[in-house]
């Protein structure tokens, strides 16, 4: 059975995180995930998760100074101290709320060997910290239209990175939206790399809205993913076209 997770970094953003968790439950989602929950007391998140009986699947390391152009720091040479602080913060918060995954954001680089070495060093640090709390580390390729210059931009590079890190608790976050824009051939790429994938996300292409139009026919893709034996969740990380999440939730009701 396909199970859907609501990414509360984009959905119900007018609500605080605990209230958004309740909204996701009411809409019919089976789990939740978020981006940057650090301003919210973990106790409030724990209470909302307990009352809704929803698991929290993931959160991100902080991006850095967004106003100056940061989008993660873990592959950025010269920002090592901050990168490790963000990793430690994310793992600690994830452990506090029983969150299953931490997405370590790489940041913008020149894609050099030195940047990759920096990334791998920080990922080993992250995996070591996370292993103490039964947390998994995720890395995600982003497309170069939305995030030009992001260190990872394709699934094959991400798989090579996790193979080089040589840790048991690191996998790829496969966002169908990003991979379709950069590479396409989603079903074959998913099947080829399914053992290296820790979470799957989706949104319409190219507008990143609800998954009910655009280049990808998600009902068919979801059936293909199910046939691959995928027993994880599918994360709805889209930006509601009208700005109102509840108004556009019909796609979910049609699939449940």
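Read-outs throughout are calculated quantities, based only on the coordinates presented, and are distinct from any laboratory measurement. Nothing here was measured: the structure is a model prediction, and the numbers come from that model.
Data table
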quantity	calculated
Value in Å of the Kirkwood radius, where the chain supplies the Cα pairs that are averaged	18.3 Å
Gain on full stretching of the segment that runs from residue 134 to residue 231 - 0.36 nm per residue minus C-alpha separation	33.1 nm
Cα gyration tensor shape of region 77-201, rounded if a/c is under 1.5, else prolate or oblate by comparing a/b with b/c	oblate
Percentage relative contact order, region 58-230, counting C-alpha pairs under 8 Å, at least six apart	17 percent
For region 211-256, fraction of C-alpha pairs farther apart than 14 Å, in %	57 percent
Of all DSSP beta bridges in the chain, antiparallel share, percent nearest 5	10 percent
Sum of -39500 (n - 2.57) over DSSP H runs of 4+, divided by residues of the chain (222 nm, nearest 500)	-12000 deg cm²/dmol
